[in-house]
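First up is the structure itself, then whatever we jot down about it.
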Amino acid sequence: MSQFVQRFTRNTFGRDLIVGDIHGHFSKLQLALDAVGFDPAKDRLFSVGDMVDRGPESESCLEWLAHPWFNAVCGNHERMTMEYHMGMIPAGMLAMNGGAWAIGKTVDERLPYVDAFADLPVAIELETEHGLIGIVHADCPSPEWSQFTARLAMGGDVAAVAAEAAMWSRARCDFIDSSGVKGVRAVVVGHTPFKKMTSLDNVIYIDTMGWKGHDFTILDAATLRAADKPSALFWG
Ligand SMILES: [Mn+2]
């Protein structure tokens, strides 16, 4: 990972939207963006990771990551692609998790994906009109956001453990922990699927299984509500 935390200043031109796990359903994601009037000339889209596996269009992640308006944190599925590539997990484990697209590739064919995933941050900090929002794939494994990012900044084993938890942990929902994360307006995560957008204090779960026949949630970072068409004038 080139950097563990990537910071974005407020988008003063348009909206900042956040989408949950995509899992190879980029065509369906595009329809969801069209439905909320996403404008790539001024809006930005942030992904909570798990762009790949399970769905039919995992390969499209490279085109999307090439867009200046599309940014993502690393999910456990991008992580597994890298681990498989480095011989750390067997093909069977990746296959079981919907990663056949990666197994079917030669080392050279897989390299562009692995390189792109290695560049993804573990956490994104997004400045909004009403305060800083943290984006991680699964959870912020600290009661304070700054404690989490400080651990990531330490590097070594401390950062590796924090990163692993950020990509995999379901502890907050398993224990129905409503203590939230201090020092940020909200933390937006995916990984744990819910039928509709769900919050535990200021931690917002937006993986509403758009990849599994349900609807994607496109969260507006300014309002922390599901995005809608920009304004009534749109219909004019
Ligand atoms: Mn996940």
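Just a few scattered comments:
- Using a cutoff of 8 angstrom between alpha carbon atoms and counting only pairs six or more residues apart, the relative contact order for the chain works out to 25 percent.
- Of all DSSP beta bridges in segment 5-235, antiparallel share, percent nearest 5: 40
- Segment 170-182 - phi-based ³J(HN,Hα) in whole Hz, Karplus 6.51/-1.76/1.60, Gly and Pro as x: 10, 4, 4, 7, 4, 9, 6, 8, 9, 7, x, 10, 7
- Phi angles across segment 142-155 convert, under the Karplus curve 6.51 cos²θ - 1.76 cosθ + 1.60 with θ = phi - 60°, into 3J(HN,Hα) values of 8, x, 10, 4, 5, 5, 5, 5, 5, 5, 4, 6, 5, x Hz, Gly and Pro given as x.
- The chain: calculated mean residue ellipticity at 222 nm from DSSP helix runs of at least 4, using -39500 (n - 2.57): -8500 deg cm²/dmol
- For Leu17, neighbours were defined as the other residues whose beta-carbon sits under 9 Å from its Cβ, and their charges (Lys and Arg +1, Asp and Glu -1) total -1.
- Portion, in percent, of the accessible area of the chain that falls on carbon or sulfur, probe 1.4 Å: 56
- Charge sum, other residues only, whose C-beta stays under 13 Å from Ala171's C-beta, Lys/Arg counted +1 and Asp/Glu -1: -2
- Loop-located chymotrypsin sites (Phe, Trp or Tyr not before Pro) in segment 1-105, at most 13 other Cβ atoms within 10 Å (DSSP): Phe13
- Given charges at Cβ of Lys, Arg, Asp, Glu: the chain dipole, positive-most of Ala100, Tyr84, Gly55: Gly55
- Per residue accessible area of the chain, 1.4 Å probe, in Å²: 45
- Above-threshold pairs, the threshold being 24 Å between Cα atoms, out of Lys28/Lys196; Lys28/Lys182; Lys28/Lys229; Lys42/Lys229; Lys196/Lys229; Lys42/Lys182: Lys28/Lys182; Lys42/Lys182
- Computed packing ranks the peptides 206-216, 145-155 as 206-216, 145-155, most packed first, by mean other Cβ atoms within 10 Å.
The values are calculated or read from the model by the stated rules, or taken from the named source; none is laboratory data. Worth saying up front: this structure is predicted, and the values here are computed from it rather than measured. Because the Cβ atoms are built from the backbone with ideal geometry, glycine has one as well, and the counts that use them run over all protein chains shown. Each accessible area value is taken on the protein alone, full model and side chains, heavy atoms only, with ligands, DNA and RNA left out. Shrake-Rupley method; radii C 1.70, N 1.55, O 1.52, S 1.80 Å.
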